[in-house]
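Written out below as structure tokens is the structure these notes cover.
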Amino acid sequence: MRTLTWNCRGYCNTNTIRHLKDLIATNNPDIIFFSKTKSSDPQLNTSLLRLNYPNHLVIPANNKAGGLCLLWKGGISITTISTTYNSITAHINLHTNHHWIACFFYGSPYKPCKDKSWEPIRALSSFNSPILIIGDLNVILDPEESSTETKPSRDEQERVLRPLIDRVVQHYEDYYRTKTISGKQDVLSVLSPSWTSTLEDAFLWIGGWRPSMAFHLLYSKSGLQMESKLAEIIRGLGTGDLGDLSPSQLVSVDELQRKTIKEERNITEKMAKHQETVADTSMVELSHIMTEFQNREIDDERVNSTLGPKKEGLQKILEGADDLRLRTLNGVISILTPIQAVHFLIAAAELHLRIHDWGKKKDAAQNHANSTGAGAGAGHTKGGIQHRAPGQLPQ
């Protein structure tokens, strides 16, 4: 599904409409959200009909100020939950297994109104479904983003950004809680899920991302942001992002990294020792018996009793790995300022999504090549290769 959002600064003019038609022709969005339409005129409804989007919702402007508009294609069900002068909160259903809560939002640029305009965002914490926030937040992450407003204070960052950060962390916690329940039922499926690509499988560690990777991500993003703001840093100006980590923050990150690597190695060693039990006496004896009596049925209870402890051991190791992943994430976020935490979480999401997309495209191309060549009829495999590797990046 493709979504287009645009602060159009006035909809009912020829240039805006022409540019919008070009955007639609190029991107073919399923949902379009305009903010700052500056229109409450019936002319808006008339022009919307010409865009060939059968569904729309308009929040009128107030004396040519503000104004929101939401358009969506047929085949998408959008049910409005609430609307304000600055937002449209709705339930989106694609008539598949995918549905979520979306908040189409335009944050007030005026300081006296900012806190109230963010009330719909804070209200999202009451929903248990996945949440999409899209629009123009009017939050300044870097001082040079605006020449008229000063850098937001730490208190303002906490008030505005902390609920969003907490929501993302809660999503991780819910994910790992569900993963633990699933692991107790079928740990092998959790360690080797069908929805990951071969590229993801190749780089993952005990059913997920390697905790120490969080520090490499932090330092890489910090370096990139520092390079892009080098001129400001030389002049002694703070950037507020990950390129502006303080000495005390760097010390805390280093301490957390050392502790995480130590725990990570302990879990890796436990996994290595547990993998060696595949060749212990019970397994070798069972495999020999199965070979000797290959034309007879072997009692399933004996097989399950032999494999059971192996699965239980894997499940405990997986729980330990997931616990370390979650503690590492919380530890990094606790060191960062709210704005830095937002930059870090965005970088993590971007990395996960891009690796997933690259891997899926590679696998699709490989499967297509196999289906049209000698590999046709080999059955469904990841990337056309008959092997499975553990792992999933967090959602």
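The values are calculated or read from the model by the stated rules, or taken from the named source; none is laboratory data. The shown structure was predicted, so the numbers you read here are calculated from the model rather than taken from an experiment. Virtual Cβ from ideal backbone geometry, glycine too; neighbours counted across all protein chains shown.
Here is a yes/no grid of residues against (1) farther than 30 Å from residue 210 by Cα; (2) among the aliphatic types (A, V, I, L, M); (3) part of a helix (DSSP H, G or I):
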| position | (1), (2), (3) |
| --- | --- |
| 254 | no, no, yes |
| 257 | no, no, yes |
| 266 | no, no, yes |
| 284 | yes, yes, yes |
| 302 | yes, no, yes |
| 314 | no, yes, yes |
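Can you find a residue in the range 304-323 that is under 30 Å from residue 162 (Cβ atoms), touching a residue at least 12 places away in the same chain (Cβ under 8 Å) and of a type outside the set (D, E, K, R)?
Within the range 304-323, one or more residues are under 30 Å from residue 162 (Cβ atoms), touching a residue at least 12 places away in the same chain (Cβ under 8 Å) and of a type outside the set (D, E, K, R).
Take residue 209 and tell me if it is under 18 Å from the mean Cα position of the chain (by Cα), surrounded by fewer than 17 Cβ atoms within 10 Å (Cβ to Cβ) and modelled with pLDDT under 95.
Details: under 18 Å from the mean Cα position of the chain (by Cα): yes; surrounded by fewer than 17 Cβ atoms within 10 Å (Cβ to Cβ): no; modelled with pLDDT under 95: yes.
It is false that residue 209 is under 18 Å from the mean Cα position of the chain (by Cα), surrounded by fewer than 17 Cβ atoms within 10 Å (Cβ to Cβ) and modelled with pLDDT under 95.
Of 60, 120, which residue is surrounded by fewer than 16 Cβ atoms within 10 Å (Cβ to Cβ) and not charged (D, E, K, R)? Steps first, answer last, please.
Values: 120 fails: surrounded by fewer than 16 Cβ atoms within 10 Å (Cβ to Cβ).
Step by step, each of 60, 120 is checked, and only 60 is surrounded by fewer than 16 Cβ atoms within 10 Å (Cβ to Cβ) and not charged (D, E, K, R).
Given (1) in contact with a helix residue (DSSP H, G or I) (Cβ under 8 Å, 6 or more places away or on another chain); (2) at pLDDT 80 or above, where does residue 152 come up short, assuming only one miss?
Among (1) in contact with a helix residue (DSSP H, G or I) (Cβ under 8 Å, 6 or more places away or on another chain); (2) at pLDDT 80 or above, the lone unmet condition for residue 152 is (2).
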